[in-house]
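See structure below.
The values are calculated or read from the model by the stated rules, or taken from the named source; none is laboratory data. Keep in mind the model is a prediction, meaning the values are calculated, not measured. Virtual Cβ from ideal backbone geometry, glycine too; neighbours counted across all protein chains shown.
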Amino acid sequence: MNTENGSKGLSVKKNENFSQWYTEIVQKAELADLRYKVKGFLVFQPWSVLAMEKMYDHLEKVLQKKGHNPYFFPTVIPESNLKKESEHVEGFSPEVFWITEAGGKKLEERLALRPTSETAFYQMFNKWIRSYKDLPFKTYQRANVFRYETKATRPFLRSREFYWIETHCAFATQEEAELQIKEDMKTTQEVLHDIFGLPFLFFERPAWDRFPGAERTFAADVLNPDGRVIQQPSTHLLSRAFSKGFHVLFTDKDGKEKYAFLTCYGPAISRIFASVVSVHGDDKGLRFPWTIAPLHVIIVPVQNDRTVMKKIEELKKRIEMFASVDIDVSDKSPGEKFNYWEMKGVPVRIDFGRNELKKRELTVFRRDLNKKEIVKENKIIKYLHKVARESGLHLTEQADALFKGKIKQVKILHEIEKVIRDGGIARCSFCSLGKEGTRCAERIEKEIGARVRGKKLEKEKPFSACVVCGKKAQNVVYIAKDY
Ligand SMILES: [Zn+2]
């Protein structure tokens, strides 16, 4: 393994200069190479790809268990499809990459590189769904999508090509579609929080911030250490706008033809990976929950003599039965190796030399606690089982505690500013998330540089008048800075 980048530590502390910390960790932990020659596109390196592959696995398993079937759709979408839902085309047009030529000839119809695939899936739903017996119809695909971002790009967080899963479902009734939205939220909790260890809040977005073409939009916000929120999975109640555009019709039990109710859900794996890096990483580098770590155990030989190496090989064979494990045989010093693997976030490092050989015990470093422990050689598998169980929980608990402390209740407009400046999320009473509230939201954006992220799905009772205009408040909203 090429280790030239990782041997030097991070030059800044995460909480002092997050932006620099993030830039450095992407490079030094060898997550992505930004030297690709097209602006906004980058090369994902093995260390990030291995983790993201596992993240895909977890999410896909849960989706399949909940009745979604996998598809691979074409990357290209004809322009006429995109135009079938007017809000959708209006929302996405500025971000679309178009193919206008192929085989040296101009195409009769332009092809979009999919920015999202509603208009690909639903033209096929039109052919596949006939009767109420075909419903619910639940699909998903793992795919890369393309969006011409005009805001500054950042590796994993925002680039012009990213990797995600999109689910598309059709139902006979609005109620079933609403239940799907709740299921999507639960899936997010089960995977993003319980497996990846990421705390978030799920909000219903205000009217002015909906997915183009959706009746209602719900999205999870993860808080970054720099006090900005990142939108993670969003789920959309599309209702019948798209099924009318694409004639997704079914014959109901009463013999009548009806439009299906559609939903879609989009967890972006590469962006969720950015949150895993940002939330769990520390001043030494990455930290991974066991379940998504690219490598579980690294063994560092303290001396390089034959008896030590022989024992290490034996140890590797035993560990392999339970966890992924590698030996660092590079010619760096043990100290350099320690730093390197801490940077890489490997959950367990075993330092092994003559001393350990003689005592029949192992010196083990746990990355979740940044702590060395001595383990009897014959207890190592049992010990690794324990770390596998505990380390993800530790990271999750640390992240949850930090997140909870960042949400502050505010009744006065100018106090929002302080909460935001301290890297928090302000919880406020607000007049309306319909169009009437636009002006108050704009004032927050203009004066504080933060945005109204939305309200929780479960009803929360306002505790004051609207924090901006002083009129009667209908909702409790959350206000934060975003990217
Ligand atoms: Zn107001």
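Determine, yes or no, whether Arg205 is over 20 Å from the mean Cα position of the chain (by Cα) and either on the phi < 0 side of the Ramachandran plot or not β-branched (Val, Ile, Thr) (or both). No, not satisfied. Applying the criterion of at least 1 residues that are touching a Leu at 6+ places or on another chain (Cβ under 6 Å) to the helices (runs of 4 or more DSSP H) found wholly in the stretch 58-160 leaves 86-92, 118-128.
Which one is surrounded by the fewest Cβ atoms within 10 Å (Cβ to Cβ), of the residues in the stretch 420-431 that are touching a Gly at 6+ places or on another chain (Cβ under 9 Å) and of a type outside the set (D, E, K, R)? Per the stated criteria, the residue is Gly423.
Could you please let me know if Gly434 is more than 9 Å from the ligand (Cβ to nearest atom), under 21 Å from Asp221 (Cα atoms), surrounded by fewer than 15 Cβ atoms within 10 Å (Cβ to Cβ) and more than 25 Å from the chain's Cα centre (by Cα)? Answer is yes for this residue. For the stretch 372-393, the count of residues that are buried (at least 16 other Cβ atoms within 10 Å of the Cβ), of a type outside the set (Lys, Arg) and within 16 Å of the ligand (Cβ to nearest atom) is zero.
Each row is one residue, and each column tells you yes or no for (1) among the hydrophobic types (A, V, I, L, M, F, W, C); (2) closer than 21 Å to Lys376 by Cα.
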| residue | (1), (2) |
| --- | --- |
| Met309 | yes, yes |
| Arg318 | no, yes |
| Glu336 | no, no |
| Tyr340 | no, no |
| Lys344 | no, no |
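Close contacts from the stretch 203-228, counting a first residue that is within 21 Å of Glu436 (Cα to Cα) and touching a residue at least 40 places away in the same chain (Cβ under 8 Å) and a second that is in a strand (DSSP E or B) and of a type in the set (Lys, Arg), with Cβ to Cβ under 7 Å and a gap of 6+ residues or different chains, come to Phe203/Arg453; Phe203/Lys455; Glu204/Arg216; Glu204/Lys455. Quick one: in the stretch 330-364, of everything that is surrounded by fewer than 17 Cβ atoms within 10 Å (Cβ to Cβ) and part of a loop (DSSP other than H, G, I, E, B), which residue is farthest from the chain's Cα centre (by Cα)? So, considering only residues that are surrounded by fewer than 17 Cβ atoms within 10 Å (Cβ to Cβ) and part of a loop (DSSP other than H, G, I, E, B), the one farthest from the chain's Cα centre (by Cα) is Arg360. Scanning the stretch 394-416 for residues that are surrounded by fewer than 17 Cβ atoms within 10 Å (Cβ to Cβ) and over 27 Å from the mean Cα position of the chain (by Cα) returns Lys411, Ile412, His414, Glu415.
Can we say Cys428 is within 15 Å of the ligand (Cβ to nearest atom), farther than 28 Å from Ser275 by Cβ and at pLDDT 95 or above?
Numbers: within 15 Å of the ligand (Cβ to nearest atom): yes; farther than 28 Å from Ser275 by Cβ: no; at pLDDT 95 or above: yes.
When the stated conditions are applied, Cys428 does not pass them.
Any chance the stretch 184-203 includes a residue that's of a type in the set (S, T, N, Q) and more than 30 Å from Phe97 (Cβ to Cβ)? There is at least one residue in the stretch 184-203 that is of a type in the set (S, T, N, Q) and more than 30 Å from Phe97 (Cβ to Cβ). Condition check for Pro225 on (1) closer than 21 Å to Phe18 by Cβ; (2) buried (at least 22 other Cβ atoms within 10 Å of the Cβ); (3) not charged (D, E, K, R): one failure, at (2).
If the condition is being touching a residue at least 60 places away in the same chain (Cβ under 8 Å) and either away from the ligand (no atom under 11 Å from the Cβ) or hydroxyl-bearing (Ser, Thr, Tyr) (or both), then the stretch 452-483 contributes Arg453, Gly454, Lys455, Lys456, Leu457, Tyr478, Ile479, Ala480, Lys481, Asp482, Tyr483. Mind checking whether some residue in the stretch 295-309 is surrounded by fewer than 24 Cβ atoms within 10 Å (Cβ to Cβ), of a type in the set (D, E, K, R) and over 22 Å from the mean Cα position of the chain (by Cα)? Looking through the stretch 295-309, at least one residue is surrounded by fewer than 24 Cβ atoms within 10 Å (Cβ to Cβ), of a type in the set (D, E, K, R) and over 22 Å from the mean Cα position of the chain (by Cα). Cys440: without any contact (Cβ under 8 Å) to a residue 40 or more places away in the chain, buried (at least 17 other Cβ atoms within 10 Å of the Cβ) and within 16 Å of the ligand (Cβ to nearest atom), yes or no? The answer is yes for Cys440.
Val191 fulfils the conditions (1) in contact with a Phe, Trp or Tyr (Cβ under 9 Å, 6 or more places away or on another chain); (2) in a helix (DSSP H, G or I) except for a single criterion, (1).
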